[in-house]
Amino acid sequence: MFSVPILSALSEQFKVLAVVTQPDKPTGRGRKIIHSQVKQFAVDKGLLVLQPKNLKEPTIHNRIKGLNPDVIVVAAYGKILPKHILEIPGNGCVNVHASLLPRWRGASPIQSAILNGDEITGVTIMLMNEGMDTGDVLRQSNIDIEKDDTAKDLSEKLSNLGAKLLIDTMLEYLSGKISPTPQDDQQATYSRILRKKDGLVDFDDDAGLITRKIRAFNPWPVCYFVWKNQKIRIYRADVSLSQSLKPGERDVLNKYPAIGTKTSDLIIKEIQPPGRQVMSGREFLNGARDWNSKN
C-alpha cells in the first residue's frame with residue numbers, strides 16, 4: 001500500500017502522535033473484517049489509531065486538536081480534509097501526492113499517468129488547502145515509467161520515492177528553509193475516481209490503449225471481458241506486430257489466447273477465469289479448447 005513506507009519513514013524520524021485511517025471494512029466472500037496495512041503497521045508499532053467515519057464530526061476534531069500536532073501528513077487518505085482539520089496544526093497539513101502536480105490532481109494519478117501514456121511521473125510534497133490537490137508545492141521528484149509498469153509496480157516505486165522525499169522535505173520545511181511555490185492552475189489535469197465497471201475492455205479500441213488500460217487497472221479494478229456469460233480478467237497482454245483478427249474475434253497466436261482490436265491483435269499473457277487463480281494464457285487454453293471457436 002502506498003501509505004505504509006511513508007508512515008514507516010515518518011515513525012523513524014519524527015514522533016507520530018496518531019495514525020488516522022479509514023474504518024475497517026468487510027472483505028472477500030466471507031465478509032471478514034481485516035485491518036488495512038496502514039492500521040496493522042500502526043498497531044504493530046504501538047501507535048494510536050483513529051478511524052473516524054466522518055472527519056466533520058466534532059469528536060474527531062477535538063481528538064486531533066487535543067494531540068496538538070506540529071504538522072499533519074497525508075498520504076492516500078482518500079478524502080478531502082475539511083477546513084477545521086486543516087487549521088489545527090501550526091505548520092499546516094502536508095500531502096504526499098503521487099504525481100508531478102499540477103498534472104493529475106485527484107483520486108487516481110498513478111493509473112491516469114499509465115493510461116495516458118506518460119513517460120515520466122513522480123511525487124509532489126505539497127501544502128494542503130481546501131481545494132483538491134491545489135496547494136503550494138514544497139518539493140517534487142520524478143521517475144521514468146517503464147513500458148511494463150503496472151499501477152501496483154508504479155505505486156511501490158512512488159511510495160518509496162515519496163517516503164525519502166518527504167523526510168528530506170520536512171526537515172527543511174520545519175526549519176524554514178523552503179519557500180512554497182504556487183501551482184500553475186492553467187496546466188492542471190485531473191484524474192477521477194475509478195469504478196469496477198471501468199475495467200470492461202472495449203475491443204473496438206486501439207490495442208495500445210487497451211494494454212495501457214490493463215497495466216493501469218492492475219491490481220484494481222482489473223480489466224475484464226465477458227465470455228460465455230462469465231467475466232474473464234486480464235492481468236497482462238502484449239500487442240501483436242500484425243492484425244489478423246477482427247475486433248472481438250478470438251484465436252490462438254503463438255500458443256496464447258488472442259483477441260482482435262481496432263488496430264492489432266491482443267495476445268493475452270496472464271488471465272484469470274472465475275473462481276481460479278491468475279494463470280498464464282497458455283495454461284488457460286488447456287481448459288478452454290473451444291477458445292477459437294464461435295462459441
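Of the strands (runs of 3 or more DSSP E) that lie entirely inside the range 193-295, those containing 3 or more residues that are basic (Lys, Arg) span 230-239. In summary, Lys157 fulfils each of the numbered conditions (1) in contact (Cβ under 8 Å) with a residue 40 or more places away in the chain; (2) over 15 Å from Phe217 (Cβ atoms) with the single exception of condition (1).
Checking the structure you have, find out if any residue of the range 245-257 is among the small types (Gly, Ala, Ser) and over 24 Å from Ala151 (Cβ atoms).
For the range 245-257, residues among the small types (Gly, Ala, Ser) and over 24 Å from Ala151 (Cβ atoms): present.
Taking the criterion of being crowded, with 17+ Cβ neighbours inside 10 Å and either touching a Gly at 6+ places or on another chain (Cβ under 8 Å) or aliphatic (A, V, I, L, M) (or both), the residues of the range 179-208 that qualify are Gln183, Ser191, Leu194, Val201, Phe203, Ala207. Tell me yes or no: at least one residue of the range 40-52 is touching a helix residue (DSSP H, G or I) at 6+ places or on another chain (Cβ under 9 Å) and charged (D, E, K, R). Yes: the range 40-52 contains one or more residues that are touching a helix residue (DSSP H, G or I) at 6+ places or on another chain (Cβ under 9 Å) and charged (D, E, K, R). Residue check, Gly78 against (1) at pLDDT below 95; (2) touching an Asp or Glu at 6+ places or on another chain (Cβ under 6 Å), all met but one. Which one? Unmet for Gly78, out of (1) at pLDDT below 95; (2) touching an Asp or Glu at 6+ places or on another chain (Cβ under 6 Å): (2). Just give me the residues in the range 250-266 being within 18 Å of Leu209 (Cβ to Cβ) and over 25 Å from the mean Cα position of the chain (by Cα), in sequence order. Within the range 250-266, Ala258, Ile259, Gly260, Thr261, Lys262, Thr263, Ser264, Asp265 meet the criteria. Given the structure, is Ile232 within 22 Å of Leu154 (Cα to Cα) and in contact (Cβ under 8 Å) with a residue 12 or more places away in the chain? Here the answer is no, as Ile232 does not meet what is asked.
Per-residue answers, yes or no, for (1) over 30 Å from Ala237 (Cβ atoms); (2) assigned to a strand (DSSP E or B); (3) under 18 Å from the mean Cα position of the chain (by Cα):
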residue	(1), (2), (3)
Ile110	no, no, yes
Met132	yes, no, yes
Asp148	no, no, yes
Leu165	yes, no, no
Glu172	yes, no, no
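Looking at Gly92, Gly46, just one residue is among the small types (Gly, Ala, Ser) and touching a strand residue (DSSP E or B) at 6+ places or on another chain (Cβ under 6 Å), and that residue is Gly92.
The values are calculated or read from the model by the stated rules, or taken from the named source; none is laboratory data. Owing to the predicted nature of the structure, the values given are computational and were not obtained by experimental measurement. Cβ: placed from backbone, ideal geometry, glycine included. Neighbour counts: every protein chain shown.
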